[in-house]
Amino acid sequence: MLTGWIEVGFASLLTLLALGGWVANILGLPGNWLIVALAAACWWLRPEDTATHLSWPPLLSIFLVAAFGELLEFLASSLGVNRAGGSRRGSLLALAGSIAGAVVGLFAGTLIPIPIVGNLLASLMLGAAGAFFGAIVGERWHGKDWDASFAVGGAAFWGRLLGTVGKAVCGTMVLGVFLTAIWT
């Protein structure tokens, strides 16, 4: 159990940073790796007699689940576009569009009357829509017809959506293990 104001303050700061990492996952950023870095710092830099020191089993599980989340996101995104016959240009513009859409969605989500959840939902959906439109632009620029471009765009949409959801689920597990380790 945490004792002392300094430990409680430090654990609170770690909690806020870890929550920021989790939200970064929805934006398509490597937020799980921020949590891994925080866990590694608590394992390496915090003395064992402090409450926020992590032992190696939670650190290892945090690392493995974060790596699995990244693999899941990568496979869902790239396999969808590749299976639909997408080009490298389409993939890159789908990635750029997904990040831009996710950032716009984070701010546009304030129009959804559910605090925090509305922002995350809008970011998730507009990120997938950005991947859709980015892939279409990339495929048209590459010289493909509209039907082939829409097929690649649809694959980019679903790949981004499923990949981000999978990564966010892994991020939720990573966050849960990290918070449990520093608060108990």
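Are any of the residues in the stretch 155-162 surrounded by fewer than 24 Cβ atoms within 10 Å (Cβ to Cβ), over 22 Å from Gly80 (Cα atoms), in contact with a helix residue (DSSP H, G or I) (Cβ under 6 Å, 6 or more places away or on another chain) and not charged (D, E, K, R)? No, because not a single residue in the stretch 155-162 is surrounded by fewer than 24 Cβ atoms within 10 Å (Cβ to Cβ), over 22 Å from Gly80 (Cα atoms), in contact with a helix residue (DSSP H, G or I) (Cβ under 6 Å, 6 or more places away or on another chain) and not charged (D, E, K, R).
Tallying residues that are over 15 Å from the mean Cα position of the chain (by Cα) and buried (at least 24 other Cβ atoms within 10 Å of the Cβ) within the stretch 70-125 yields 7.
Within the stretch 15-72, the residues that satisfy the criterion of being of a type in the set (Gly, Ala, Ser), touching a residue at least 40 places away in the same chain (Cβ under 8 Å) and in a helix (DSSP H, G or I) are Ala18, Gly21, Gly31, Ala39, Ser61, Ala66, Gly69. No other residue among Ala100, Ala66, Ala96 is at pLDDT 90 or above, touching a helix residue (DSSP H, G or I) at 6+ places or on another chain (Cβ under 8 Å) and closer than 21 Å to Cys170 by Cβ apart from Ala66.
The residue that is farthest from the chain's Cα centre (by Cα), among those in the stretch 39-60 that are of a type in the set (A, V, I, L, M) and farther than 14 Å from Trp183 by Cα, is Leu45.
The values are calculated or read from the model by the stated rules, or taken from the named source; none is laboratory data. Just so we're clear, the structure is a prediction, and the values are computed from it rather than from any experiment. In this analysis, Cβ positions are derived from the backbone assuming ideal geometry, glycine residues included, and neighbour counts consider all displayed protein chains.
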